[in-house]
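Below is one structure; the comments refer to it alone.
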Number of protein chains: 2
Amino acid sequence: MTSTQQTTTGGSSAAGSEFDRGIALERRAEGEYDGHLDGAWSIGAGINGGMLLAAAGNALRHTFADEAHPDPISVSAYYLSAAKDGPARFATEVVRRGRSMSTGTVTISQHDGGAQVERVRALATYGDLTALPDEVRTTATAPELPPLEQCLGSDLAPPEFKKNAPLLNRFDLRLDPATAGWAIGKPSGRGLIQGWLRLADGREPDPISLLLALDALPPVTFDLGLPGWAPTLELTAHIRAVPAPGWLRVVHATRNFAGGLLEEDAEVWDSTGRLVAQSRQLARAPRG
Amino acid sequence: MTSTQQTTTGGSSAAGSEFDRGIALERRAEGEYDGHLDGAWSIGAGINGGMLLAAAGNALRHTFADEAHPDPISVSAYYLSAAKDGPARFATEVVRRGRSMSTGTVTISQHDGGAQVERVRALATYGDLTALPDEVRTTATAPELPPLEQCLGSDLAPPEFKKNAPLLNRFDLRLDPATAGWAIGKPSGRGLIQGWLRLADGREPDPISLLLALDALPPVTFDLGLPGWAPTLELTAHIRAVPAPGWLRVVHATRNFAGGLLEEDAEVWDSTGRLVAQSRQLARAPRG
C-alpha cells in the first residue's frame with residue numbers, strides 16, 4: 001500500500017460487486033482509511049452489524065497484508081452506537097506482529113452531532129488461512145436443508161421487520177420452512193433459524209464476506225415469538241477456512257435467553273460441507 | 001478509589017482467599033494498576049488463561065465501579081504471549097460510558113527481556129448484573145452429572161499434563177467419569193468434558209471468579225486423544241447472572257477441530273440450575 005488514494009477491496013476479482021463497493025476503503029495514512037457506510041446495508045436502526053464487521057475486517061486486512069496475514073482468524077467486535085448511511089473513518093492499531101499470526105484493533109467512527117462518534121471497536125487476530133494444515137476432524141454436522149426450491153425467500157419477514165430493511169435486498173436468502181413458522185405466526189419456540197445464503201449479485205464468498213454471512217439471517221428471537229429488533233452488543237467471529245464458491249448454509253441458534261439478553265450462535269458451512277465460520281454474539285432481547 | 005496504594009479484590013468478603021490474593025491490584029494512577037501473577041496458577045507454559053481473564057476483569061471492575069457498572073457482561077481476551085510468575089501491569093482505557101453498560105479495554109504486560117511485553121489485550125462491556133430483568137427463558141439444559149462422590153478428582157490427569165500443573169491444586173474439580181475415559185487411555189472422541197467445580201479453599205463464586213471457571217477444566221482435546229497443551233488464541237466470556245453459592249457445573253465441548261485450530265465452548269451452571277456464564281475460545285490444537 002503506497003498510494004494514499006488507492007481504492008481497496010476485499011475480493012481480488014470482485015471489485016464490481018455491491019459488497020465490495022460497500023466495504024471499499026481509501027487509505028489516508030498508515031493504518032487510517034476512509035470509507036462510506038451505505039444505507040443499502042441498513043436494517044432497523046442502523047447499518048447491519050455483519051456489514052460493519054466485514055468493513056472493519058477489510059481495514060485490518062489491509063493493515064496486515066504486508067505481513068502476509070491477510071485473513072481474519074478471530075474478530076471480536078463491540079457495537080457502541082448505531083452506524084448511519086454516510087462517511088466513516090477506520091483506524092487500525094497493530095498490537096502484536098507474530099510469525100504465523102498478528103493481532104490488532106480497529107475502530108469505526110462517524111461524524112455525528114458535531115463530534116467524531118465511535119460506532120464499533122474490534123480486536124482481532126489475522127493470519128493466512130491457506131497456510132493452515134489440511135486436517136479436518138470437525139464433529140459438528142452440516143444442517144440438513146430442503147432443496148433450494150423448497151425453501152422460503154426473505155420476503156416472508158414480519159412487516160414490522162421489513163418496513164425498514166433494505167439489507168434484505170442484498171442477499172438471496174432461502175429459509176428452511178421448518179424454521180420459518182414465525183412468518184405465519186407460528187414460531188417454534190426452539191430459537192433456531194437456518195437456510196441457504198448467497199449475495200444477491202452472485203459475488204462468491206471469501207473470508208471477509210463470511211464476516212457478513214455470520215450476521216445476515218433474521219434474529220433467532222423471531223423463532224421465540226419476538227418480532228422486534230435485537231441489537232448486538234458483542235460478536236466474535238472465527239473464520240476457519242477459505243470458503244468454496246457457491247451457496248452457503250447458515251444456522252443461527254440461541255441457548256440462553258435470560259435477563260434481557262441472549263446469546264446467538266451462528267455457523268456457516270460452504271458448498272463442500274466444510275464448517276468455514278462460527279460466531280457467537282450477545283444481543284439485547286427485543287422488547288415485547 | 002482514592003488511595004494510590006489501596007489493595008483491591010474482586011470479592012467483598014473474600015479477601016483472604018487465594019483467588020482474591022491472585023487477582024489483587026494496587027492502583028498506580030487513573031486506570032493503571034500493579035498486580036502479581038502467581039505461579040501457583042500456572043499450567044503448562046504459563047499462567048492459566050482463565051486466571052489472566054479474571055485478573056484483567058478485576059482491573060476493569062475497578063475502572064467501571066464508579067459508573068455503577070462493576071460486573072463483566074462480555075469480555076473478549078486475546079492472548080499474545082505466555083504470562084509468567086511475577087509482577088504485571090494492568091492498564092485500562094474507557095471506550096464508552098453508557099447509561100446501562102460501559103465498554104473498555106485492558107492490557108496485561110510484564111517486564112521481560114529488557115522490555116515491557118504485552119501478555120493479554122481484552123475488550124469488554126461491563127454493567128450491573130443485579131439490575132437486569134428477572135425473566136429466564138433459557139432453552140439449554142444443565143448437564144446431568146453423577147453425584148459428587150461418584151465423580152473423579154483431577155489427580156487422574158495424564159502425567160504429561162500434571163508434571164507442570166500447580167493450577168490443579170487451586171480447584172476442587174470432580175469430573176464426570178463418562179467424560180474422563182482419556183485418563184485411562186480411552187478418550188471418547190466426542191470432545192466433551194464436564195464436571196463439578198469449586199475453588200479449593202471454598203471461596204464462593206462471583207462474576208469475576210466465573211471468568212476463571214470458564215477456562216478451568218482440562219482441554220477438551222484430551223477427550224479427542226490428544227494429551228498435549230492447547231494454547232488459547234482468543235476467549236470471549238459472557239457472564240449472565242450473579243452465581244449462587246455452592247458447587248458449579250461446568251461443561252467444555254468442541255464442534256470444530258480443523259486446520260490446526262479448535263473452538264472450545266464452555267458453560268457454567270450454578271447450584272440453582274441457572275446458566276450463569278458461557279464462553280467460546282479459539283485454541284491451537286496440540287501437536288501429536
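Rg/Rh for region B:70-187 (Cα atoms only, Rh after Kirkwood) is 1.08.
Over region A:173-288, what is the relative contact order in whole percent, taking alpha-carbon pairs under 8 Å and six or more residues apart?
For region A:173-288, the relative contact order is 28 percent.
With a 10 Å cut-off around each Cβ of B:188-196, the average count of Cβ atoms from other chains is 1. With 5 Å bins beginning at zero, the pair-distance distribution over Cα atoms of chain A amounts to 1, 6, 13, 17, 20, 18, 13, 8, 4, 1, 0, 0 %.
Residues of region B:80-103 whose accessible area, computed with a 1.4 Å probe over protein heavy atoms, drops by at least 10 Å² once all protein chains are present relative to their chain alone are B:L80, B:E93, B:V95, B:R96, B:S100, B:M101, B:T103.
Chain B packed on chain A takes about 4700 Å² of accessible surface away from a 1.4 Å probe, both sides summed. Could you work out what % of the accessible surface of the protein assembly as shown is carbon and sulfur, using a 1.4 angstrom probe and leaving DNA, RNA and ligands out of the count? Whole-percent figure for carbon plus sulfur exposure: 49. Taking every C-alpha pair closer than 8 Å and separated by at least 6 residues, the mean separation divided by the residue count of region A:32-136 gives a relative contact order of 31 percent. Shielding value for A:129-141 is 5, the average number of Cβ atoms from other chains within 10 Å of each residue's Cβ. Between region B:161-189 and region A:209-226, how many Å separate their Cα centres? Their Cα centres are 37 Å away from one another. Of interest is the spacing of the C-alpha centroids, which for region A:18-67 and region A:257-288 amounts to 22 Å.
Using Cα-Cα distances under 8 Å and only pairs 6 or more residues apart, what relative contact order does chain B have, in percent? RCO, chain B: 17 percent.
Straight-line reach from A:K186: taking Cα to Cα under 19 Å and skipping same-chain neighbours fewer than 8 places apart, the lysines in range are A:K162.
Annotation for B:D201, label-to-label distances across the other copies: 6.1 nm (shortest first, one decimal, point 7 Å from Cα along Cα→Cβ). Rounded to the nearest 10 degrees, the angle from helix B:49-65 to the longest Cα principal axis of chain B is 30 degrees. Peptide B:72-79 shows a mean partner chain C-beta count of 5 within 10 Å per residue C-beta.
Within a straight-line Cα-Cα reach of under 12 Å, B:K163 can be paired with the following aspartates and glutamates, leaving aside sequence neighbours fewer than 8 residues apart in one chain: B:D155. Here the peptides A:187-199, A:96-108, B:258-270 are ranked by packing, the mean other Cβ count within 10 Å, and the order with the highest first is B:258-270, A:187-199, A:96-108.
Extension gain for the segment A:H36 to A:D172, taken as residue separation times 0.36 nm less the Cα-Cα distance, is 46.6 nm to one decimal.
Residues with beta-carbon under 13 Å from that of A:L275, excluding A:L275: net charge, scoring Lys, Arg +1 and Asp, Glu -1? Neighbourhood net charge equals +1. Distance from the C-alpha centroid of region B:70-100 to that of region A:80-117: 19 Å, rounded to the whole angstrom.
The values are calculated or read from the model by the stated rules, or taken from the named source; none is laboratory data. None of the values given here were measured: they were computed from a predicted structure. Positions of Cβ are generated from backbone atoms using ideal geometry, with glycine treated the same way; all protein chains shown enter the neighbour counts. Heads up: the accessible areas ignore ligands, DNA and RNA and are worked out on the full protein's heavy atoms, side chains in. Shrake-Rupley method; radii C 1.70, N 1.55, O 1.52, S 1.80 Å.
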